[in-house]
1. Of all the helices (runs of 4 or more DSSP H) wholly in the range A:60-167, which have at least 1 residues that are in contact with a Phe, Trp or Tyr (Cβ under 7 Å, 6 or more places away or on another chain)?
2. Hey, can you tell me all the residues within the range B:27-71 that are crowded, with 18+ Cβ neighbours inside 10 Å, more than 8 Å from ligand 1 (Cβ to nearest atom) and over 18 Å from the mean Cα position of the chain (by Cα)?
3. Within 16 Å of ligand 2 (Cβ to nearest atom), assigned by TED's automatic domain parsing to the domain that holds B:T203 and under 24 Å from A:P162 (Cβ atoms), is that true of B:L59?
4. Taking A:T199, is it modelled with pLDDT under 90 and under 30 Å from A:G79 (Cβ atoms)?
5. Can you say whether B:R64 is among the basic types (K, R) and more than 14 Å from ligand 2 (Cβ to nearest atom), as far as the supplied structure shows?
6. Spot the failing condition for B:I258; the list is (1) at pLDDT below 80; (2) among the aliphatic types (A, V, I, L, M); (3) over 30 Å from B:P50 (Cβ atoms), and only one is missed.
7. Which members of the range A:204-247 meet the condition of being assigned to a loop (DSSP other than H, G, I, E, B), in contact with a helix residue (DSSP H, G or I) (Cβ under 9 Å, 6 or more places away or on another chain) and closer than 17 Å to A:L35 by Cα?
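The values are calculated or read from the model by the stated rules, or taken from the named source; none is laboratory data. Small disclaimer: the values here were computed from a predicted structure and weren't measured. Positions of Cβ are generated from backbone atoms using ideal geometry, with glycine treated the same way; all protein chains shown enter the neighbour counts.
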Amino acid sequence: MSAADTVTVEAGAPVRGWALPAIAVTLVAGMFGYLHTAHLDSIEARLLATDEILARTVEHVRLVAASTAAVIVIAVPLGVLLTRRRARLLAAPVLALANAGQAIPSIGVLVLLAILFDVGFAMAVIALVAYAALPVLRNTMIGLRQVDRSVIDAGRGMGMSPLQVLLKIELPLAVPVMIAGIRIALILNVGVATLATYTNAGGLGSLIESGIVFNRMPVLMTGSVLTVALALLVDWLAGLTEQVLRPRGL
Amino acid sequence: MTDPTPSTPPPDVMIRLEGLAKRYPGQSADAVSALSMDIRRGEFVVFVGPSGCGKTTTLRMINRLVEPSAGRIWIDGEDVTDVDPDRLRRRIGYVIQQIGLIPHMTVAQNVGLVPRLLGWDKARIRDRVDELLDLVGLDPAVFRDRYPKQLSGGQQQRVGVARALAGDPPVMLMDEPFGAIDPITRDRLQDEFLKLQERIRKTIVFVTHDIDEALKLGDRIAIFGEGSRLAQFATPLEILSAPADDYVRSFVGSGAAIRRLGLLRVADIPGGGTPPSDGAVRVTEDHTVYAALEKMLESGTDRMVVGGNGRGERSLTLRDLLLAAARAKGEPR
Ligand SMILES: Nc1ncnc2c1ncn2[C@@H]1O[C@H](COP(=O)(O)OP(=O)(O)OP(=O)(O)O)[C@@H](O)[C@H]1O
Ligand SMILES: [Mg+2]
């Protein structure tokens, strides 16, 4: 395995109990508590109306969900294809390219796409996908490659077809590492989706942006705190999923 | 085949390799070259040879996990050099060198894999799994729902053997199946496997590094040199009594005459007088000459009384044993 492959989140990090959701809930509760008691001016009151906050949060979750789903649909099959024997020679260049892509700042990707094409939800999703595809692709490839050769060999030796070996042996054994990659993509997306406001796609980023533009600290803080809480919750849920999907016997 | 070619093997030949060769891509030398041999139906053939001589490669050409560069393979009278490999492999049991149990499947799922591929119904698979676990000495009630990592190395190897037997294949390929086991367990597994083979009579190709394992298990032994040169292909007794060349002699190592005693049975020794009453040791016709000799030496006597196997009792002397052992040159055991 090349050096580029070694940068990966360890598969199957244990879910740290209820700490993550507890912190997230505390953050959100504390924030609303503050908003309730603090004296808000008219701009703040308008931007921080409960409906507004809810709408921004829903937009954010939609962005993250759509882009992560698209990432999985694109990067997992690609990773499977690139680890087939016939594509062996392609694997290294594709990974190198993807790594280079990762080095481009996400705001750059977003603005570039917005300038070249259009603004809006679809464009934001495309940018998020371009950005988060790499960890999923890489972990899919690593997950499949680390499957013990002798197990694959045994499957082939018993007369399983290549497809049966892929579905019944390789993918189940790669699941923990693949989910670790998807988890990284999710967290990345929660963060990067705050930049979607620059393509007019809304989300919690528009709270942050408005906070900066109008110089309103409570607005900026609300956007930030909600983003952090969302990231914590998403990470916790991903960890749970990982535990459920991890095959028994490993 | 409807149009038998001149080289179609006779019916008692289960596996025929003809001019089989393999050169891996990018290699300058053949891993296996021009190998020809016939393996008879129900025969237990053991491949021995130094590391890298092409034993695994040859085995994997028989089930086409490695495609031969040249030559042909017949199994059960059929030229299988070009048939669909997946279907072929379901008819050939394969125990791979590294065991290769599938870690996220239970023992029962591992053993039931080939029957599932063959489309058996659930009840039949379950019965077969239990039968096989019994056969290899693992209590199904205890082991069927365990995962491979919950087994010891020896138990894993038994499951590997059970799994290879599951589809009741006429041919078994076994690549160092008892390799990673301590000598005592290994010895017991070998004994159990010999007993098992007496019942199931498969055609077995068995790979090992260990010449003593080969001598103990094989009906015939193929001793390979470098580049899969077939140095000798003969019965254990022939190999010990008449090694084909210096290579075989050095491979078998010292003590060939003594090891031969371990291949002869008391039943193979003719003659014997009426049993005396004084302190002779008692053995059965099934004892190896080696074991009988050991008993005599232990009790410091030069006589033994042979009983059992319905032949009535007879007595043999130390001298009878030694003469018989010296005379036994290359007779099948
Ligand atoms: N996939 C491969 N590609 C290239 N060379 C190979 C491959 N597999 C085996 N070889 C080479 O072919 C030769 C025979 O290998 P093989 O595995 O058949 O030996 P072996 O007799 O089974 O050895 P061992 O007793 O160590 O298992 C060796 O020189 C090995 O390096
Ligand atoms: Mg080998």
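1. In the range A:60-167, A:106-116, A:121-145, A:149-157 are the helices (runs of 4 or more DSSP H) which contain 1 or more residues that are in contact with a Phe, Trp or Tyr (Cβ under 7 Å, 6 or more places away or on another chain).
2. B:D30, B:S33, B:L35, B:M61, B:R64, B:L65, B:P68, B:G71
3. Taking the combined requirement at face value, the residue satisfies it.
4. yes
5. Yes.
6. (3) is the only condition that B:I258 fails.
7. A:R216
Matching residues to (1) touching a strand residue (DSSP E or B) at 6+ places or on another chain (Cβ under 6 Å); (2) within 16 Å of ligand 1 (Cβ to nearest atom); (3) of a type in the set (D, E); (4) over 23 Å from B:A257 (Cβ atoms):
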position	(1), (2), (3), (4)
B:P140	no, no, no, yes
B:Q156	no, no, no, yes
B:V159	no, no, no, yes
B:T185	no, no, no, yes
B:Q190	no, no, no, no
B:F206	yes, yes, no, yes
B:I211	yes, yes, no, no
B:A214	yes, yes, no, no
B:G225	yes, yes, no, yes
